[in-house]
Amino acid sequence: MEVIIRPNADAAADLVARIIAKEMRSNPRLVMGLATGNTMESVYARLVRMHREEGLDFSSCRTFNLDEYVGLPGSHPSSYRHYMNHHLFLQVNIDLQNTHLPEGMATDLVAECVNYERLIAKCGGIDLQLLGIGQNGHLGFNEPLSAFRSRTRVKILSPMTRAQNAPLFPKPDQVPHRAITMGVGTILDCRRCLLLATGEEKAAIIAKAVEGPITSMVSATALHLHPECTVILDEAAGGQLKESDYYHWIFENQPEWEPFHEVLSPFAKNGIQATNQSEKQRVEAMSDALE
């Protein structure tokens, strides 16, 4: 696992979007695993802008979303199909037939889960998996005690998860109790994982996921078992990490990150300028310590 900390949420979202764009340009038939949620909206907005202003081409890529609520049709405004259509799919030149989400209205949910795994395999597996993290450390809807070898299946949502998602529904009691989710094992099968988390409210669970022990109580700790996983945070989300100086050092000094040092968004650029002096001092201190 590699951890990158950026000065603010805009800079973190910029970095994620630019990594995705680079992967798409290298492989026009990229198979992407996608996530939903407020954190991802900034990433998708940047990808849409890259499509419109830089010609980022989605025409040959394929996508698989992590999850979908059981009992919600794709037309429901709180469904993840509606979210993806609104924030990304209908704003770029992707073929909707190449965009996949579990069918929450399937009459046979077990068969739907098996079929989802088959579709992923038919596309050759997921190349790049975008991830968020829940307050209880879940990936997708892999709630605490999810097996690390689990596959796509139906999961009961925890009270914490339902409460976290309640603002996205007209009334809290309308949040579904179940969802279809890729399993932890399905996620770990991807070629590269990219997790984005921002905000102080994610700091405690990020500290557990990144620097805590591997445990099924925090599904995100399974990412330590993946050979190519990058966790991208803003300063707030990384606020409880013990080795934050080292994570800053990685971004500033590892050659593979040099092309990403120039930020994309004016908002992100302003944020970096505002914290540039403190970050410079942190890197210099780390350099002195290593000499």
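A compact table of results
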quantity: Fraction of the pair-distance distribution of the stretch 29-111 above 15 Å, Cα-Cα pairs, percent; calculated: 58 percent
quantity: Rg(Cα) / (2.2 N^0.38 Å) computed for the stretch 83-241, rounded to two decimals; calculated: 1.06
quantity: Separation of alpha-carbon centers, the stretch 148-168 and the stretch 18-85, rounded to whole Å; calculated: 20 Å
quantity: Å² of accessible area per residue within the stretch 185-239, as computed with a 1.4 Å probe and no ligands counted; calculated: 35 Å²
quantity: Rounded tilt (10° steps) of 38-54 against the dominant C-alpha axis of the chain; calculated: 80 degrees
quantity: Amide proton proximity set for residue 2, modelled H, under 5 Å, gap of 5+; calculated: 229, 230, 231
quantity: Radius, Kirkwood style, for the stretch 204-259 when every pair of distinct Cα atoms is counted (Å); calculated: 12.3 Å
quantity: The chain: Rg to Rh, with Rh as the Kirkwood radius over Cα pairs; calculated: 0.96
quantity: Phi-based couplings in Hz for the stretch 122-135 (Karplus 6.51, -1.76, 1.60; Gly and Pro marked x); calculated: 4, 7, x, x, 8, 7, 9, 10, 8, 9, x, 9, x, 4
quantity: FRET efficiency, residue 258 to residue 27 (Cβ-Cβ, R0 25 Å, nearest 0.05); calculated: 0.75
quantity: Cysteines not pairable in the chain (beta carbon separation under 4.7 Å absent); calculated: 61, 113, 123, 190
quantity: Under the Karplus curve 6.51 cos²θ - 1.76 cosθ + 1.60, θ = phi - 60°, whole-Hz ³J(HN,Hα) for the stretch 10-19, x wherever Gly or Pro sits; calculated: 5, 5, 5, 5, 4, 4, 4, 4, 6, 5
quantity: Calculated [θ] (222 nm, deg cm²/dmol) that DSSP helices of n ≥ 4 give over the chain, each run adding -39,500 (n - 2.57); calculated: -12000 deg cm²/dmol
quantity: Under 16 Å from residue 122, Cα to Cα: aspartates and glutamates that are on another chain or at least 8 residues apart; calculated: 112, 189
quantity: Part-to-part distance (alpha-carbon centres) for the stretch 182-226 and the stretch 106-136, which is given in Å; calculated: 17 Å
quantity: 13 Å cut-off, amide nitrogen to a point 7 angstrom out along residue 217 Cα→Cβ, residues in the stretch 184-211; calculated: 208-209
quantity: Under Karplus coefficients 6.51, -1.76 and 1.60, residue-wise ³J(HN,Hα) of the stretch 72-78 in Hz, glycine/proline x; calculated: 10, x, x, 7, 5, x, 9
quantity: Area accessible to solvent at residue 48, 1.4 Å probe radius, in Å²; calculated: 10 Å²
quantity: The chain, accessible surface, carbon-and-sulfur percent (1.4 angstrom probe); calculated: 51 percent
quantity: Label-point separation in nm, residue 163 to residue 75, each point 7 Å along Cα→Cβ; calculated: 3.5 nm
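The values are calculated or read from the model by the stated rules, or taken from the named source; none is laboratory data. Since the model is a prediction, treat every value here as computed from it, not as a measurement. Note: ideal-geometry Cβ built from the backbone for every residue, glycine included; neighbour counts use all protein chains shown. Protein only, heavy atoms only, side chains kept; ligands, DNA and RNA dropped before computing areas. Shrake-Rupley method; radii C 1.70, N 1.55, O 1.52, S 1.80 Å.
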